[in-house]
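J.: Have a look at this one before I ask anything.
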Amino acid sequence: MHVEPKARAAGARIDRDAEMRLAEAIGLTAAIGLKVVASKIVPLVHPTPATLIGSGKVDEIAGDARAFEPEVIIVNAQLSPVQQRNLEKAWSTKVLDRTALILEIFGERARTREGRLQVEFAHLTYQRSRLVRSWTHLERQRGGFGFLGGPGETQIETDRRLIGERLAKIRRELEGVKRTRGIQRQARRRVPFPVIALVGYTNAGKSTLFNKLTASDVMAKDLLFATLDPTMRGLKLPKGTKAILSDTVGFIADLPVELVAAFRATLEEVLEADIIVHVRDASHAESSAQKVDVLKVLHELGIEAGVDRPFVEVLNKIDLLAPDVRSGLLLANGRPDGPIAASAVTGDGLDKLLTRFEEELTGANIRFRLMLPHADGEGLAWVYRHAQVLKRSDKAKGVELTLAINPQDVDRFSSRFSTNVLTKSAG
């Protein structure tokens, strides 16, 4: 069963928003294979400290629970430990709030060791906030982190000391993961392929777009949080520029703060990216509201859209729009700095998107031609670390390189190499 608390306000828009939130919550439930037998939107004028919703609605839902006998009732809001305990007592069944539901999905989806550590860290942080109470692990074959219960469980009594010890251990392991990822990033900088990171609301089509651009087979389904662990692939742009494309976990409204902190290591690829690409579902009724949610999460990560690096907005899924709307969006693709309308399914607009990537990566750069002796391996390695190598020709007298250099790095190159080997290129 689903319960959707919604603040009461005048006008139909609030009701429509509540319906959309309820639909999203049902989608989250489907993501872990649960079937919704009943759902209800509960107007909320003032939150009740003991139960969040009023006693009349609590009793009404208790009647529904007796009729449907659900395994779990999900309240699409954040419950305090006291509220959760009181509702479980009133409804005689397990109660999950929005945070627990999202953590359960992440616990079931994480595949890499890093992902599992991050989800466990988030789960334990949440569990510690539930005071000292018992919790259960789901049976091994199902995955997840035990909010839902199940057959063959082992009851584990967890207190603050044990949780704290485990959190400290996971934190140390995640620091090791962070160091490893830093080493990997340093290795990539030696062959300076810029990183383009896809971000967006969950189910916006990031993975489908990623697969289309890189000819990969990352899991891409019409399912919330289909992608959890980050994936990176090489990408060749129209004029030969090489880059790395990164697919990341989807964002969502009211993302649990535990997850924002725990997934910071995963999202470091976004923090380090040369271009951030915000993929939006243009066909979704609340696309604008989802955009606000994504920008909010980026802000929490210390990223301000378009301030310190290029920020490209992609209006995806235009194949689901009316033909006249789709045509109008595609015609507007030529506007500088405007959003790029595209369909990861049909391929419409992807040529414009790749061209934008290349323009953003190379547009401000200054081209130089550099001739190095074959024996100057140190100089060659330095160049690869500090410039974009557009072309390399191995000739009898040395290695000739065509470089794209950031304007702020030109003086550094001029001091590193003499003027007779570093000359400005016409293009």
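J.: Output the residue which, of all residues in the range 277-293 that are closer than 13 Å to residue 317 by Cα and part of a strand (DSSP E or B), is nearest to the chain's Cα centre (by Cα).
T.: Looking only at the range 277-293, we keep the residues that are closer than 13 Å to residue 317 by Cα, and these are 279-285, 287.
From what is left, the residues that are part of a strand (DSSP E or B) are 279-281.
Numbers: 279: 10, 280: 12, 281: 14 Å.
Per the stated criteria, the residue is 279.
J.: Could you please let me know if residue 335 is surrounded by fewer than 16 Cβ atoms within 10 Å (Cβ to Cβ), within 29 Å of the chain's Cα centre (by Cα), among the basic types (Lys, Arg) and more than 23 Å from residue 236 (Cβ to Cβ)?
T.: Taking the combined requirement at face value, the residue satisfies it.
J.: Right, here's the next one. Which residue, of 249, 345, 260, is part of a loop (DSSP other than H, G, I, E, B), at pLDDT below 85 and either under 25 Å from residue 116 (Cα atoms) or of a type outside the set (Ser, Thr, Tyr) (or both)?
T.: Of the residues listed, the single one that is part of a loop (DSSP other than H, G, I, E, B), at pLDDT below 85 and either under 25 Å from residue 116 (Cα atoms) or of a type outside the set (Ser, Thr, Tyr) (or both) is 249.
J.: Return the residue satisfying two criteria in turn: it lies in the range 340-354 and is touching a Lys or Arg at 6+ places or on another chain (Cβ under 8 Å) and under 24 Å from residue 305 (Cβ atoms), and of such residues it is surrounded by the most Cβ atoms within 10 Å (Cβ to Cβ).
T.: Of everything passing the filter in the range 340-354, 342 is surrounded by the most Cβ atoms within 10 Å (Cβ to Cβ).
Quick grid of which residues meet (1) in contact with a strand residue (DSSP E or B) (Cβ under 9 Å, 6 or more places away or on another chain); (2) over 18 Å from residue 286 (Cβ atoms):
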{"position": "24", "(1), (2)": "no, no"}
{"position": "27", "(1), (2)": "no, no"}
{"position": "35", "(1), (2)": "no, yes"}
{"position": "40", "(1), (2)": "yes, yes"}
{"position": "53", "(1), (2)": "yes, yes"}
{"position": "63", "(1), (2)": "no, yes"}
{"position": "82", "(1), (2)": "no, yes"}
{"position": "90", "(1), (2)": "no, yes"}
{"position": "98", "(1), (2)": "yes, no"}
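J.: Could you tell me which numbered condition residue 40 fails, if it satisfies all but one of (1) surrounded by fewer than 17 Cβ atoms within 10 Å (Cβ to Cβ); (2) out of contact with any His (no Cβ under 9 Å at 6 or more places or on another chain); (3) modelled with pLDDT of 85 or more; (4) of a type in the set (D, E, K, R)?
T.: With respect to (1) surrounded by fewer than 17 Cβ atoms within 10 Å (Cβ to Cβ); (2) out of contact with any His (no Cβ under 9 Å at 6 or more places or on another chain); (3) modelled with pLDDT of 85 or more; (4) of a type in the set (D, E, K, R), residue 40 is out only on (2).
J.: Go through 357, 368 for me and flag whichever is buried (at least 17 other Cβ atoms within 10 Å of the Cβ) and under 30 Å from residue 397 (Cβ atoms).
T.: Details: 357 fails: under 30 Å from residue 397 (Cβ atoms).
Just one listed residue meets the conditions, 368.
J.: Given the residues 176, 107, 164, 144, which is the only one that is under 21 Å from the mean Cα position of the chain (by Cα), small (Gly, Ala, Ser) and modelled with pLDDT of 75 or more? Reasoning before the result, please.
T.: On the way: 176 fails: under 21 Å from the mean Cα position of the chain (by Cα); 164 fails: under 21 Å from the mean Cα position of the chain (by Cα); 144 fails: modelled with pLDDT of 75 or more.
It is 107.
J.: For residue 69, state whether it is closer than 27 Å to residue 202 by Cβ and surrounded by fewer than 18 Cβ atoms within 10 Å (Cβ to Cβ).
T.: No.
J.: Name the pairs: first residue in the range 22-42 and in contact (Cβ under 8 Å) with a residue 40 or more places away in the chain, second residue assigned to a loop (DSSP other than H, G, I, E, B) and among the β-branched types (Val, Ile, Thr), Cβ to Cβ under 7 Å, at least 6 apart or on different chains?
T.: Pairs found: 29/36.
J.: Also: Could you check residue 319 against (1) assigned to a helix (DSSP H, G or I); (2) at pLDDT below 95; (3) of a type in the set (D, E, K, R) and say which number it fails?
T.: With respect to (1) assigned to a helix (DSSP H, G or I); (2) at pLDDT below 95; (3) of a type in the set (D, E, K, R), residue 319 is out only on (2).
J.: From 315, 370, grab the single residue that is touching a residue at least 24 places away in the same chain (Cβ under 8 Å) and over 28 Å from the mean Cα position of the chain (by Cα).
T.: Of the residues listed, the single one that is touching a residue at least 24 places away in the same chain (Cβ under 8 Å) and over 28 Å from the mean Cα position of the chain (by Cα) is 370.
J.: With the requirement that a residue be of a type in the set (Val, Ile, Thr) and either outside any helix (DSSP H, G or I) or out of contact with any strand residue (DSSP E or B) (no Cβ under 7 Å at 6 or more places or on another chain) (or both), what does the range 373-411 give you?
T.: Once the filter is applied, which keeps residues that are of a type in the set (Val, Ile, Thr) and either outside any helix (DSSP H, G or I) or out of contact with any strand residue (DSSP E or B) (no Cβ under 7 Å at 6 or more places or on another chain) (or both), the range 373-411 yields 389, 399, 402, 405.
J.: Something else now. When you scan the range 99-119, how many residues do you find that are farther than 18 Å from residue 248 by Cα and buried (at least 23 other Cβ atoms within 10 Å of the Cβ)?
T.: Counting residues in the range 99-119 that are farther than 18 Å from residue 248 by Cα and buried (at least 23 other Cβ atoms within 10 Å of the Cβ) gives 3.
J.: Within the range 357-364, is even one residue in the same structural domain as residue 285 (by TED's automatic domain parsing), at pLDDT 90 or above and within 23 Å of the chain's Cα centre (by Cα)?
T.: Yes, some residue in the range 357-364 is in the same structural domain as residue 285 (by TED's automatic domain parsing), at pLDDT 90 or above and within 23 Å of the chain's Cα centre (by Cα).
The values are calculated or read from the model by the stated rules, or taken from the named source; none is laboratory data. This one's a predicted model, so the numbers in the text were calculated from it and none came from an experiment. Cβ sites come from the backbone with ideal geometry, for glycine too, and all protein chains shown count toward neighbours.
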